[in-house]
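The values are calculated or read from the model by the stated rules, or taken from the named source; none is laboratory data. Because the structure is predicted, anything quoted here is derived from the model rather than measured. Note that each Cβ is placed from the backbone with ideal geometry, even for glycine, and that neighbours are counted across all protein chains shown. The accessibility values were calculated without ligands, DNA or RNA, using every heavy atom of the protein model including side chains. Shrake-Rupley method; radii C 1.70, N 1.55, O 1.52, S 1.80 Å.
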Amino acid sequence: MSSANKGVGKVEVTLKWDPSPAGAPDRDLDIIAAVYRAEEPHGAPAYLVHFGSRSPDGTITLQRESRTGQGFGFDEAMTLELNRLSPEYARVVVGVAIQQGGGRTTFGDIANALVLVKEGYRELDGYGFADLGEATAVTVVEFFRDAGGGWAWRRAVRGFDADPQAFTELMGAEQA
């Protein structure tokens, strides 16, 4: 079945933050995407894409990964080719987690963190983590198949106090 509604096709999620102050441990933020099957959209993810990985079919890739936030512009970038994703998948949740190797770090400790969601040159959404000061991980956007089989999106900001591994198990849970 096809639809005249194109929906969202190829999107990019980018992340930036200021480096740690001199003498402080590096702060490492990571973009994580969790992909869910149509028959279990809020269960365990079918697979995850994060640093050092990509989706099995190559539709979700992390092009840039930073461990420090140093550099100009956005430090991390993930491309999601939703229009190429198999029909067996109906939901993708994208979030950001802070690595906790140097002691507990929250978004309140990170200066100027910003995530942007774009389709081509069109900015779909932007979010700056200021209101989630005590969170160590946060979901930011959810992509889902609409009734016509195309992809739609919605802002899905939810803060978590969890390390990156625990976050990947919680990020797709249905909201109460």
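Side notes on the structure shown:
- Mean Cβ count within 10 Å, highest first, over the residues of peptides 88-100, 108-120: 88-100, 108-120
- Net charge of neighbours whose Cβ lies under 14 Å from the Cβ of E134, counting Lys and Arg as +1 and Asp and Glu as -1: -1
- Near V141, the amide H atoms lying under 5 Å from its own belong to V94, A156; only residues 5 or more places off or on other chains count, and H is placed 1.01 Å from N.
- Accessible area per residue for the chain, computed on protein heavy atoms with a 1.4 Å probe, is 50 Å².
- Toward the positive end of the charge dipole of the chain, with +1 on the Cβ of Lys and Arg and -1 on the Cβ of Asp and Glu, the farthest Cα among G159, F143, L82 is that of L82.
- Here the sum of -39500 (n - 2.57) over DSSP H runs of 4 or more residues, divided by the residues of the chain, equals -1000 deg cm²/dmol at 222 nm, to the nearest 500.
- Other residues within the sphere of radius under 14 Å centred on the Cβ of R91, judged by their own Cβ, net out at -3 (K and R +1, D and E -1).
- Highest-MSF residue in the chain out of S86, S55, S20 [GNM, Cα springs under 10 Å]: S86
- Gyration tensor verdict on the range 114-173 (Cα atoms; rounded if a/c is under 1.5, prolate if a/b is larger than b/c, oblate otherwise): oblate
- Taking the 1.4 Å solvent-accessible surface of the chain as the whole, the part contributed by carbon and sulfur is 49%.
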